[in-house]
1. Give just the number: which of (1) in contact (Cβ under 8 Å) with a residue 40 or more places away in the chain; (2) part of a helix (DSSP H, G or I); (3) within 16 Å of the ligand (Cβ to nearest atom) does Pro126 not satisfy?
2. What pairs come out if I take residues in the range 184-213 that are assigned to a helix (DSSP H, G or I) and pair them with residues that are of a type in the set (Asp, Glu) and surrounded by 17 or more Cβ atoms within 10 Å (Cβ to Cβ) whose C-beta lies under 9 Å away, six or more apart or interchain?
3. Taking the residues in the range 179-200 that are crowded, with 17+ Cβ neighbours inside 10 Å and farther than 19 Å from Leu327 by Cα as candidates, determine which candidate is farthest from the chain's Cα centre (by Cα).
4. List the residue pairs whose Cβ atoms are under 9 Å apart, where the first residue sits in the range 302-325 and is without any contact (Cβ under 8 Å) to a residue 60 or more places away in the chain and among the aromatic types (Phe, Trp, Tyr), the second is crowded, with 17+ Cβ neighbours inside 10 Å and assigned to a helix (DSSP H, G or I), and the two are 6 or more positions apart or on different chains.
5. When the residues of the range 55-85 are filtered to those that are surrounded by fewer than 22 Cβ atoms within 10 Å (Cβ to Cβ) and modelled with pLDDT under 95, which remaining residue is nearest to Leu267 (Cα to Cα)?
6. Can you tell me how many residues in the range 279-307 are over 13 Å from Gln57 (Cα atoms), crowded, with 16+ Cβ neighbours inside 10 Å and in contact with a strand residue (DSSP E or B) (Cβ under 8 Å, 6 or more places away or on another chain)?
7. Out of (1) without any contact (Cβ under 8 Å) to a residue 40 or more places away in the chain; (2) more than 30 Å from Lys320 (Cβ to Cβ), the odd one out for Ile78 is which?
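The values are calculated or read from the model by the stated rules, or taken from the named source; none is laboratory data. What you see is a predicted model, and the numbers here were worked out from it, not measured in a lab. Counting neighbours? That spans all protein chains shown, and the Cβs are built from the backbone with ideal geometry, glycine included.
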Amino acid sequence: MKKFLVVLLTLMLILTLSVGCSGSGTEAEPASGNSGEGGDSSEPMTLRVGHAGFEIQPQHLGWLKFEEYVESESGGAIQIEIFPNAQLGNDRELCELVQLGELDFTSISSSPLAPFDPEFYVLDIPFMFSDREKTYEILDGEAGQLLMGSLENAGLKGLGYMENGFRQLSNSVREIRTPEDIAGLKIRTMNNDIHMKFWELCGANPTPMAFGELYTALKQKVVNGQENPYTNIAQGKLHECQPYISETNHLYTPFVTFTNLDFWNSLTEEQQKIIQEGIDLAVAESREQGEKVDAEARELIEDYGCEISILTEDEIQQFKDKMSPILEDIGAKTSPEIMDTFMEATNY
Ligand code: TK8
């Protein structure tokens with residue numbers, strides 16, 4: 001009996017130790033807010049941010065502002081660590097990590113977020129946005145906030161829309177001015193079936209892929225076209241193998257910034273306030289830098305020798321004429337309330 005007890009106690013000890021080890025030994029520290037350590041106020045809470053963009057991208061500049069503000073405003077009680085360049089994963093993986101509570105914050109393009117929360121497909125209506133200021137107004141206003149609130153259905157708490165930029169089409173084969181010019185091109189899209197369908201309707205052969213794989217895929221000619229804001233094209237050096245750029249401005253896909261809903265609810269009101277204020281500053285910074293960084297990127301691409309084609313209204317209309325099937329699809333994926341609010345706000 002004694003022997004049995006000794007074995008049992010030893011087993012229990014081993015079990016306790018191994019659970020303890022796996023908790024603290026994972027290379028990705030669990031989200032501190034979720035780890036139940038909030039009670040000890042002397043221990044700073046370290047919160048991690050992961051994104052798949054570059055360090056000179058407007059969203060990263062925004063996150064730096066967030067870090068500075070939150071750390072100083074909390075008197076050092078909240079520490080922020082930022083992991084850019086997809087170090088923790090691509091857009092889809094980052095979203096999954098936040099859903100699981102293993103990462104505290106991320107900002108991903110609205111399009112790869114749509115498969116997690118289909119209401120976000122509303123932002124995938126091509127040519128819905130044209131003017132930056134007006135776009136910010138809509139996103140920060142009723143329409144954008146209604147959309148943001150829907151993230152709770154995916155276990156997420158939306159915090160703000162950082163700048164990514166208006167998207168342009170680039171390719172290595174020929175100048176593109178109309179959908180006919182696109183026929184047969186292999187175009188990389190974000191992980192979003194509406195995007196795939198749109199390019200398919202234009203006669204292309206779309207392939208979804210993470211941004212981190214895009215440069216190599218273009219170099220190895222797995223795909224010969226893609227679409228992204230100038231900033232991402234330049235920072236990703238995509239222009240080096242994409243001599244033709246069409247200034248389509250077909251989409252504005254903001255970097256949606258969010259955290260885990262349970263984690264958010266576990267924070268004190270004071271902590272929530274500091275974080276939301278930090279995010280508001282980050283959004284403002286990313287937008288302030290956005291236009292400038294975008295213009296600089298455009299110049300760099302042009303100086304490199306790429307041909308930038310400005311499309312006429314008639315040419316843009318030819319793209320719009322292809323769109324009715326995807327409008328129907330988006331209508332089926334989103335709620336009438338969100339669709340109508342956006343349609344009204346954008347005068348679409
Ligand atoms: C980076 C990506 C990227 C996006 C894309 O996180 O994948 O084309 O525009 O900026 O989200």
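1. (2)
2. Here the result reads Ile194/Asp124; His195/Asp124; His195/Glu227; Phe198/Asp124; Trp199/Glu227; Phe211/Asp91, each pair linking the range 184-213 to a residue that is of a type in the set (Asp, Glu) and surrounded by 17 or more Cβ atoms within 10 Å (Cβ to Cβ).
3. Step by step, filter the range 179-200, then rank; the result is Asp181.
4. Nothing qualifies.
5. Across the range 55-85, the extreme among qualifying residues is Glu55.
6. The qualifying residues number 5.
7. Ile78 satisfies every listed condition except (1).
Here is a yes/no grid of residues against (1) away from the ligand (no atom under 11 Å from the Cβ); (2) of a type in the set (D, E, K, R); (3) closer than 30 Å to Phe342 by Cα; (4) outside any helix (DSSP H, G or I):
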| residue | (1), (2), (3), (4) |
| --- | --- |
| Phe258 | yes, no, yes, yes |
| Phe263 | yes, no, yes, no |
| Glu270 | yes, yes, no, no |
| Glu277 | yes, yes, yes, no |
